[in-house]
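Report on the structure given below.
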Amino acid sequence: MDILIVGAGIGGLTAATRLAQRGHRVRVLEQAASLGEVGAGIQMSANAVKVLQAIGVEPALQASGVLPQAFEFRRFDSGELLHRIPLGDAHRERHGAAYYQMHRRDLHAALVDALQAAAPGAVRLDARVQAVQEDADGAQVELASGETLRAELVVGADGIKSQVRQHVLGQDRPVFTGQVVWRVLVPVERVPPQLRTDVVSTIWCGPGNHAVTYYLRSGRLINFVGCVARPWEEESWTAARPWSELDSDYTGWHPMVRAVVEAADRDQCFRWALNTRVPAMVWSTPRVTMLGDAVHSTLPYMAQGAAMAIEDAGVLARALELALPLEQRLRVYEQHRAPRTRRVVEESTEMGQLYQIDNAQEMRQAFHDRNVARSRNEWLYPYDPLTVPLQATAPA
C-alpha cells in the first residue's frame, strides 16, 4: 500500500519502519524543521520491546539503556518501601524480553536510522498537515504550504494536538488534569554515592505529589520526573521554569530526592501541563486511522504512553495484511487496540491517585489491596503485539 504517516515521533517512526519492512511504501510528514526528541527518559517494557526487536533497534537499547532491577514504590519522606515489582532477569524470563530505561533521544535516533535503512528519504520535514480529506479511492492531506498529497491510507501519529484526529472525531480538545510535570536530568557524579538509589526505578509517593527517579545512558544520568498539582500553564515540553519552584515543590522530601533536586542545573528545569482525553473507541474512517497519543493520550503514571504507540504500530502492520477490504482491516485494528489502550489510560489515571494519597497508612493499605505487581505481570507486560490473535471483535 501507499501510506502517509503524519508525525515522526516514536510511534510514527515505529509504524513507518515496520510497514516499510513489510513491503509498503511509506512517507512520513513531520511539521518540525529537524528530527529529534526532548532530553527526557523513557521506559520500555517487554510488550513494546518485542516490536523494537522485530524492527532491529534493540542493539541501540542495549548500547545505552539501563536494565533496572525493580520498580520500588517508597514514601516521599521516610523512604519506607510500600511495594516492589521485580524487573531485570525476572521480567525477561517471565515476559520474553528485557525492560529498558533510556534517553528518548537515543531511542528516537535509533528509529530514524532503522527507517532510513528500510525506506531512504521517507521523512519529509517542515510538512505541517492542516487538513485531511478522503474519498472512495484514497485520502489526501493538505499541508500548510498549500500542497496536497494523496495516499491509499493516512495514519495519524501526530500527538495529543492531532490534526488527523479532528478529521476522524471532530473538534474535541484535551482537558487539563490539574497536574504538571517536572523533568530534570542530572549527571550521576553530582550525587554523592551514599545518596544514590540502587539500579531501580523509584516512585516517591507523597501527598498531592510524587516523583520518579531512574538511571539513563548506561547509568551516567539520573532522570527526575516530578508530578505535582498546580494551576494550568504552558504544555510545552521545552518550557523552562525557575529552579526555586522545583526546590519548593520538593522541600522536606527524602535525602535521595533532595540530592537530585539540589544537583540540577538551575536553568535546565522543565515543566509542562498534563492533558488528557476520554479514551476514544472509534479510531478510523475508511481511509484514515490513528495511533499513539493522537487517539489515546496517556498519563505517565505506568510508563506506558510510548509503549502503547509502539504496540499500535505492531498490530496495525499485521492488521493491514489481513485478507479483508481496507475498511474492515482498520476496524479489526481499532477493535483490538481500543479496549486495551482504554484500560491503560484508565489505570494510569488511577495510579496517579494511588501515588498521591495523603495519609501514610491509607497509602500502605491501598498498595496492599491493589497488588500492582500482580496486575501488571498478569495483563500488561505479557502482551505480544506480534503474535496476539486478531479477530473481528476484540475481547474487552
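Figures for the structure shown
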| read-out | value |
| --- | --- |
| Pick from segment 61-83, criterion open to solvent by 20 Å² or more (accessible area, probe 1.4 Å), assigned to a strand (DSSP E or B) and in contact with a helix residue (DSSP H, G or I) (Cβ under 7 Å, 6 or more places away or on another chain), ranking: nearest to Val49 (Cα to Cα) | His83 |
| Tally of residues being open to solvent by less than 20 Å² (accessible area, probe 1.4 Å) and part of a helix (DSSP H, G or I) across segment 21-56 | 6 |
| Residue match in segment 87-97 (condition: surrounded by 22 or more Cβ atoms within 10 Å (Cβ to Cβ), farther than 19 Å from His254 by Cβ, touching a residue at least 12 places away in the same chain (Cβ under 8 Å) and in contact with a His (Cβ under 6 Å, 6 or more places away or on another chain)) | no |
| Single condition Thr17 does not satisfy, out of (1) open to solvent by 10 Å² or more (accessible area, probe 1.4 Å); (2) more than 30 Å from His254 (Cβ to Cβ); (3) not hydrophobic (A, V, I, L, M, F, W, C) | (1) |
| Some residue of segment 119-133 being of a type in the set (A, V, I, L, M) and closer than 26 Å to Val388 by Cα | no |
| The one condition in (1) over 20 Å from Asn47 (Cβ atoms); (2) open to solvent by 20 Å² or more (accessible area, probe 1.4 Å); (3) not in a helix (DSSP H, G or I) that Asp369 fails to fulfil | (3) |
| Positions within segment 260-307 being assigned to a loop (DSSP other than H, G, I, E, B), of a type in the set (A, V, I, L, M, F, W, C) and open to solvent by 20 Å² or more (accessible area, probe 1.4 Å), in sequence order | Val278, Met281, Val282, Ala303 |
| Qualifying residue in segment 204-219 (condition: of a type in the set (S, T, N, Q), touching a Cys at 6+ places or on another chain (Cβ under 8 Å), in a strand (DSSP E or B) and open to solvent by 20 Å² or more (accessible area, probe 1.4 Å)) | no |
| When residues of segment 101-159 are limited to those that are among the acidic types (Asp, Glu) and under 25 Å from the mean Cα position of the chain (by Cα), the one nearest to Ala313 (Cα to Cα) | Asp158 |
| Scope segment 164-203; condition assigned to a strand (DSSP E or B) and buried (at least 16 other Cβ atoms within 10 Å of the Cβ); matching residues | Thr177, Gln179, Val180, Val181, Trp182, Arg183, Val184, Leu185, Val186, Ser201, Thr202, Ile203 |
| Members of segment 308-339 that are in contact (Cβ under 8 Å) with a residue 60 or more places away in the chain and in a loop (DSSP other than H, G, I, E, B) | Leu320, Glu321, Leu322 |
| Close pairs from segment 369-390: first at pLDDT 95 or above, partner open to solvent by 20 Å² or more (accessible area, probe 1.4 Å) and of a type in the set (Gly, Ala, Ser), Cβ under 8 Å, at least 6 apart | Asp384/Gly96; Leu386/Ala54 |
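For (1) closer than 30 Å to Gly56 by Cα; (2) assigned to a loop (DSSP other than H, G, I, E, B), each residue gets a yes or a no:
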{"site": "Asp113", "(1), (2)": "yes, no"}
{"site": "Gln116", "(1), (2)": "yes, no"}
{"site": "Gly121", "(1), (2)": "yes, yes"}
{"site": "Asp126", "(1), (2)": "yes, yes"}
{"site": "Ala131", "(1), (2)": "no, no"}
{"site": "Gln140", "(1), (2)": "no, no"}
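The values are calculated or read from the model by the stated rules, or taken from the named source; none is laboratory data. Treat the numbers as computed from the prediction; the structure is a model and nothing was measured. Note that each Cβ is placed from the backbone with ideal geometry, even for glycine, and that neighbours are counted across all protein chains shown. In case anyone asks, the SASA skips ligands and DNA or RNA and just uses the protein heavy atoms, side chains included. Shrake-Rupley method; radii C 1.70, N 1.55, O 1.52, S 1.80 Å.
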